[in-house]
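Below is one structure, written out as structure tokens, with a few remarks after it.
The values are calculated or read from the model by the stated rules, or taken from the named source; none is laboratory data. Predicted model, so just to flag it, every value in this text is computed and none were measured. No Cβ is skipped: glycine too gets one built from the backbone with ideal geometry, and neighbour counts run over all protein chains shown. With ligands, DNA and RNA removed, areas are computed over all heavy atoms of the protein, side chains included. Shrake-Rupley method; radii C 1.70, N 1.55, O 1.52, S 1.80 Å.
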Amino acid sequence: MTVLYSLAKGQLSKQHHYDFGLRALKSVLVMAGQLKRDTPQFSEDLVLMRALRDMNMPKFIYEDVPLFRGLLQDLFPGANIKRLDFSS
């Protein structure tokens, strides 16, 4: 997690609403814990990747989304979690 946030801080654009500090780390850990309790069949790597993705993607500007996705793919190779479909 800290590696991802260090890379993101260095590679993504500088926006005042981006938070890669301790508060963000704690929020991701809390979400990951809840996800693990809700979906025990997923490995811890997948749960952590999903928590990192879901907690951070909404705050990124359009140009930074592909960069962050690339960082996630580099740090979690082969991990692919489908987006949830709420249309039904």
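Key figures for this structure:
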quantity	calculated
Subset tally (residues that are under 13 Å from the mean Cα position of the chain (by Cα) and open to solvent by less than 70 Å² (accessible area, probe 1.4 Å)) for region 1-15	5
Residue match in region 66-86 (condition: over 14 Å from the mean Cα position of the chain (by Cα), over 13 Å from residue 4 (Cβ atoms), modelled with pLDDT of 90 or more and outside any loop (DSSP other than H, G, I, E, B))	no
Check on residue 23, surrounded by 11 or more Cβ atoms within 10 Å (Cβ to Cβ) and at pLDDT 90 or above	no
Members of region 26-54 found to be outside any helix (DSSP H, G or I) and surrounded by 15 or more Cβ atoms within 10 Å (Cβ to Cβ), listed by number	42
Check on residue 18, open to solvent by less than 50 Å² (accessible area, probe 1.4 Å), at pLDDT below 95 and assigned to a helix (DSSP H, G or I)	no
Region 40-54 residues that are within 15 Å of residue 72 (Cα to Cα), paired with ones that are outside any loop (DSSP other than H, G, I, E, B) and among the polar types (S, T, N, Q) (beta carbon under 6 Å, 6 or more apart)	none
Test for residue 10: is it free of Cβ contacts under 8 Å to residues at least 12 places away in the same chain and not in a loop (DSSP other than H, G, I, E, B)	yes
